Amino acid sequence: MIKKVILSLLVSFISVICYLSFVGIKQEIFQEFPAIEFDDISHIELNKTTVKIQGVLTKKTFLEDEFNGRIEINNNELTKKEPMFIELIEENNGYIGIISVNLDEQGSIPHLLPVGVITFYTPKDFSKIVFNIINSSNVIVGPAKTLEEAKVLKDDILLHVK
């Protein structure tokens, strides 16, 4: 009798571990907040904008977490293109993310020609975010309503995520 109980507990434990490892726990993410774009070298404010994060975050035990959805910056056309691919790399207390968008226009080979890449840093709940625009010294930070808020938040996010 005890062997059957131990065996059933062991099978249950292995099933839960497999589920958490390969299927994961899904969490809906919806964040929308104001952000500031500024030049990270001169610290000059360039734009006020809005960031919208909408999708499903799948947290896995032994594999990389996945985000399926969209991350849009209101005044950045690159983040409005399709298809959008988002890759997450888990760090100490958050994620380093890569958004890549591919060209899909007439006369081109669809989904093969990269248009651009944006990297971002965020805590695991996506409550705040820093974007680095590739080939530029511009950063976009939110939620922030002023340049000073954005600079302090950027430093805070990078300190805790990296």
Rounded to the nearest 10 Å², the accessible area of Phe85 at probe 1.4 Å:
100
At R0 = 25 Å the Cβ-Cβ FRET efficiency linking Ser136 and Glu82, nearest 0.05, sits at 0.65
For the pair Gln54 and Lys3, the simple spin-label estimate (label points 7 Å beyond Cα toward Cβ) gives in nm 5.7
Pairs beyond 25 Å (Cα-Cα), from Lys80/Lys154; Lys60/Lys80; Lys59/Lys145:
Lys60/Lys80; Lys59/Lys145
Using protein chains only and a probe of 1.4 angstrom, how many square angstrom of Ile2 are accessible, to the nearest 10?
130
Compute the Rg to Rh ratio over region 23-96 from the alpha carbon atoms, using the Kirkwood formula for Rh, and round to two decimal places.
1.04
May I ask you to rank Phe62, Phe131 by accessible area, largest first, using a 1.4 Å probe over the protein chains only?
Phe62, Phe131
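The values are calculated or read from the model by the stated rules, or taken from the named source; none is laboratory data. Computed from a prediction, not measured in an experiment: that's the story for all the values here. Glycine also receives a Cβ, built like all others from the backbone with ideal geometry; neighbour counts cover every protein chain displayed. Protein only, heavy atoms only, side chains kept; ligands, DNA and RNA dropped before computing areas. Shrake-Rupley method; radii C 1.70, N 1.55, O 1.52, S 1.80 Å.
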